[in-house]
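First the structure, in the form of structure tokens, and then the observations on it.
The values are calculated or read from the model by the stated rules, or taken from the named source; none is laboratory data. The shown structure was predicted, so the numbers you read here are calculated from the model rather than taken from an experiment. Backbone-built Cβ (ideal geometry, glycine too); neighbour counts: all protein chains shown. For the accessible areas, the whole protein counts, side chains as well, though only heavy atoms, and no ligand, DNA or RNA atoms are used. Shrake-Rupley method; radii C 1.70, N 1.55, O 1.52, S 1.80 Å.
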Amino acid sequence: GQGDGFARVLQRAGVGADDASRALAMVSEATSVSAIEPGTPIAIILGRRTSRNAPRPLDSLEFRARLDLHLAIKRNGGSLKLARKAIAVDDTPLRIRGTVGESLYRSARAAGAPPEAIQNYLKVIAGRTPLDRVSASDEFDIILEHRRAATGEVEAGNLLYAGIGRSGKNWIQMLKWTDGDNAQWFEAS
């Protein structure tokens, strides 16, 4: 969950403190634990207790650490071993186009644009022209960062391009230019 610790999650699931700290150390070597998204499902299998007062040992643990990485920890003999499985990711930007219609926001949502990207798009366009000048027959053009894993999961990223076409010609073309931590919007011309 949000603000929760990885070792604490394991301990609440019944993993002993020693196994939880070993698992945390292994995961930390593979990826930043703070980068694991809240709500990430974790499959945990616990073994039999050696005594009534002893915690159950961790037999296996599997989860998707990042879009491009699956981690599995399994007990082999008496020790835990980490297995990393890289997942191929396509970073091709996503282009979404359509006719404005009655509502630019609703038309863009219907075309598959995420709400946050549309909000950013509207801010960029509004910085160039009042939104009431955009007519129903105009065409919107949105390009955003997009990552798709070979397993089908998708992450939408930042807005890269915002455009409006009118009568078959480009009317507004705004391009995001990033230099280090600074990002600015420029007319594509």
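Overview of values
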quantity: Using alpha-carbon coordinates, inclination of helix 115-128 to the longest axis of the chain, degrees; calculated: 30
quantity: Burial ranking of peptide ranges 179-188, 122-131 (average Cβ count within 10 Å, highest at the top); calculated: 122-131, 179-188
quantity: Top of R166, R147, R133 by mean-square fluctuation, Gaussian network on the chain, Cα under 10 Å; calculated: R133
quantity: Dipole magnitude of the chain, debye to nearest 20 (Cβ charges: Lys/Arg +1, Asp/Glu -1, about Cα centre); calculated: 840
quantity: Per-peptide average of other Cβ atoms within 10 Å, ordering 102-110, 29-37 highest first; calculated: 102-110, 29-37
quantity: Residue among S189, N158, M26 farthest towards the positive dipole end of the chain, charges placed on Cβ; calculated: M26
quantity: Neighbourhood charge, 12 Å Cβ-Cβ cut-off, centred on R66 and excluding it, Lys, Arg +1 and Asp, Glu -1; calculated: 0
quantity: Cα-based helix-to-principal-axis angle, 17-30 vs the chain, degrees rounded to 10; calculated: 40
quantity: Heavy-atom surface of the chain, accessible at 1.4 Å and reported per residue (Å²); calculated: 62
quantity: Contact order normalised by residue count of the stretch 12-144, Cα under 8 Å, 6+ apart, percent; calculated: 18
quantity: Within straight-line cross-link reach of K85, lysines at Cα separation under 25 Å, skipping those fewer than 8 residues along the same chain; calculated: K74
quantity: Computed [θ] at 222 nm, helices only, for the chain once each DSSP H run of length n ≥ 4 contributes -39500 (n - 2.57); calculated: -6500 deg cm²/dmol
quantity: Partner lysines for K176 [C-alpha distance under 17 Å; skip if fewer than 8 residues away on the same chain]; calculated: K123
quantity: For the stretch 1-144, with +1 on Lys and Arg beta carbons and -1 on Asp and Glu, the positive-most of A72, G14, A54 along the dipole; calculated: A54
quantity: The stretch 70-170: relative contact order in percent, alpha carbon pairs under 8 Å with at least 6 residues between; calculated: 29
